[in-house]
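Have a look at the structure below, then the notes.
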Amino acid sequence: MGKMKNVISAVCVKCGAEFEASPNVTTCKKCGGILDIKYDYEWIKSQVSVKDMADRHENSMWRYREFLPVQGDSKVPKLRVGWSPFYQSERLAEKLGIAKLYIKDDGINPTASLKDRASAMAVVKAEEAGASIIACSSTGNAASSLAGNAAAAGFKTYIFVPERAPKGKVAQLMMFGANVISVKGSYEDTFRLSAEAIDRWGWYNRNAAINPYLMEGKKTVSLEIAEQLNWKMTDYVAISVGDGCTIGGVWKGFKDLYAAGFIDKLPRLISVQAEGCCPINRAIAEGRDWYPMEENTIADSIAVGVPRNPDKALNAIRESNGVVVNVSDQEILDAMKLLGTTCGVFAEPAGATGTAGVKKAIEQSLIPHDATIVTVVTGNGLKDPATAITAAGTPITIPPQMPDLLSAFPELK
Ligand SMILES: *Cc1c(COP(=O)(O)O)cnc(C)c1O
């Protein structure tokens, strides 16, 4: 137990109280605030360097074990999470009028979203905690990723989703054998019921805001981005924001690398939300604390009116001197099509929202044309085919005759 040589403690982001980082640690016992895992960077530096990374063969998020809060003897899960593709897209960069644009495609994960990074971590920590049941509530992807990662590791799951969750994600839950509770209500209602049930039955909690380890899993996307950029950071990294755990994790990853001397520059974050649901960006724009908002967007994964991790998200945006951009549903649909047609990358709405934000930020001169940017595609479009068809349209249907083909495509003559 407790064999984490790289971890010092779990620190409350609100009141600064410090606790021992045991696998079951949840929120601050003093003020109820969210905890953050604190590392011993000198120890990390003594164990691993940029040079060592090039020789590693572990092509998954566990490549960065020295940066992760897992016990020395914990086994790497079977399902391969992370080390997702990283593309430079000259074509999209030119279209958007920006110097360099890279795409980190996290839709290429076992259950097709970035959430797998957190769920893989949840499975390891649940094992360390000696739990046999894991539970969460989710707008969809945390749920499907927990279901998949838990199935591979032999855990039972209870998973709460709002009734509106897209069919693809619900199909994943059923296929992975989760006990699914589809709640007639908003994500807020769903979260509340799951919290009560978790409390009552003592299940291992995969709710990302409550469990500080999950963000540590999510941060591996930044460790990979930095390595895939050969440790030369871009000026900006764009990400879509719902609960705020992802952007918090993204920032933590870059800060860890900076503290350990792996990178010599931190990027500025571009926090992108939907116009119809942007409580975090609104708080930044208004220079005040956040307050609830309706969940009014097609981007279901970020339709979060009461963010569960606002403190870390707001800290991340402020500390990075970040940029906030809100995009309309139409702009999200356009970005889905743009990613598909220029990059061959198929994103779900929230997966394309970061890219929609980059486009808008350039148009509004919030970022300069000579900037270099990474945009993270957080989830795959096949999860929600109905919205994809809204974005891309339906094909021409013709009778099986050559004249009909010719009249449908006059340019073929
Ligand atoms: C969960 C999710 C996000 C946002 O992450 P938060 O931690 O809720 O801010 C973005 N995109 C996709 C596809 C997601 O599933």
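The values are calculated or read from the model by the stated rules, or taken from the named source; none is laboratory data. Note that the structure is predicted; figures quoted are calculated from it, not measured. Please note: Cβ atoms are built from the backbone with ideal geometry, for glycine as well, and neighbour counts cover all protein chains shown. Surface accessibility is based on the protein's heavy atoms, side chains included, excluding ligands, DNA and RNA. Shrake-Rupley method; radii C 1.70, N 1.55, O 1.52, S 1.80 Å.
Every listed requirement among (1) open to solvent by 10 Å² or more (accessible area, probe 1.4 Å); (2) touching a residue at least 40 places away in the same chain (Cβ under 8 Å); (3) more than 14 Å from the ligand (Cβ to nearest atom) is met by Ile298 save one, (3). What tally of residues in the stretch 1-57 results from selecting those that are within 22 Å of Glu319 (Cβ to Cβ), in contact (Cβ under 8 Å) with a residue 60 or more places away in the chain and β-branched (Val, Ile, Thr)? The total comes to 6. Looking only at the stretch 352-394, residues that are in contact with a helix residue (DSSP H, G or I) (Cβ under 7 Å, 6 or more places away or on another chain), within 13 Å of the ligand (Cβ to nearest atom) and within 18 Å of Val237 (Cβ to Cβ) come to 9 in all.
Inclusion of Ala285 among residues that are open to solvent by 10 Å² or more (accessible area, probe 1.4 Å) and either within 15 Å of the ligand (Cβ to nearest atom) or touching a residue at least 24 places away in the same chain (Cβ under 8 Å) (or both) is warranted. Here the condition is being within 13 Å of the ligand (Cβ to nearest atom), within 18 Å of Lys359 (Cβ to Cβ), assigned to a strand (DSSP E or B) and β-branched (Val, Ile, Thr); of Val272, Val325, it holds for Val272 alone. Report whether or not Glu196 is part of a helix (DSSP H, G or I), among the acidic types (Asp, Glu) and either open to solvent by 60 Å² or more (accessible area, probe 1.4 Å) or touching a Cys at 6+ places or on another chain (Cβ under 6 Å) (or both). In short, yes. Picking from residues in the stretch 125-145 that are surrounded by 24 or more Cβ atoms within 10 Å (Cβ to Cβ) and more than 16 Å from the ligand (Cβ to nearest atom), the one that is nearest to Asp243 (Cα to Cα) is Ala135. Selection over the stretch 239-259 of residues that are open to solvent by 10 Å² or more (accessible area, probe 1.4 Å) and more than 20 Å from Ala347 (Cα to Cα) gives a count of 5. In this entry, Glu331 passes the filter for residues that are open to solvent by 20 Å² or more (accessible area, probe 1.4 Å) and either in contact (Cβ under 8 Å) with a residue 60 or more places away in the chain or of a type outside the set (A, V, I, L, M) (or both).
Looking across the stretch 328-339, the residues that are away from the ligand (no atom under 14 Å from the Cβ) and under 12 Å from Ala274 (Cβ atoms) come down to Ser328, Asp329, Gln330, Glu331, Leu333. Filtered by the rule that a residue be assigned to a helix (DSSP H, G or I), within 14 Å of the ligand (Cβ to nearest atom) and out of contact with any strand residue (DSSP E or B) (no Cβ under 9 Å at 6 or more places or on another chain), the stretch 221-269 gives Cys245, Gly249, Gly253.
Looking across Gly107, Gly82, Gly148, one residue alone is on the phi > 0 side of the Ramachandran plot, buried (at least 21 other Cβ atoms within 10 Å of the Cβ) and either within 16 Å of the ligand (Cβ to nearest atom) or not small (Gly, Ala, Ser) (or both). It is Gly82. Residues in the stretch 161-182 that are outside any loop (DSSP other than H, G, I, E, B) and within 15 Å of the ligand (Cβ to nearest atom): how many? Matching residues across the stretch 161-182 total 7. Restricting attention to the stretch 301-311, the residues that are in a helix (DSSP H, G or I) and either more than 10 Å from the ligand (Cβ to nearest atom) or more than 14 Å from the chain's Cα centre (by Cα) (or both) add up to 2. Of the residues making up the stretch 198-213, those that are within 25 Å of the chain's Cα centre (by Cα) and more than 16 Å from the ligand (Cβ to nearest atom) are Ile198, Trp203, Tyr204.
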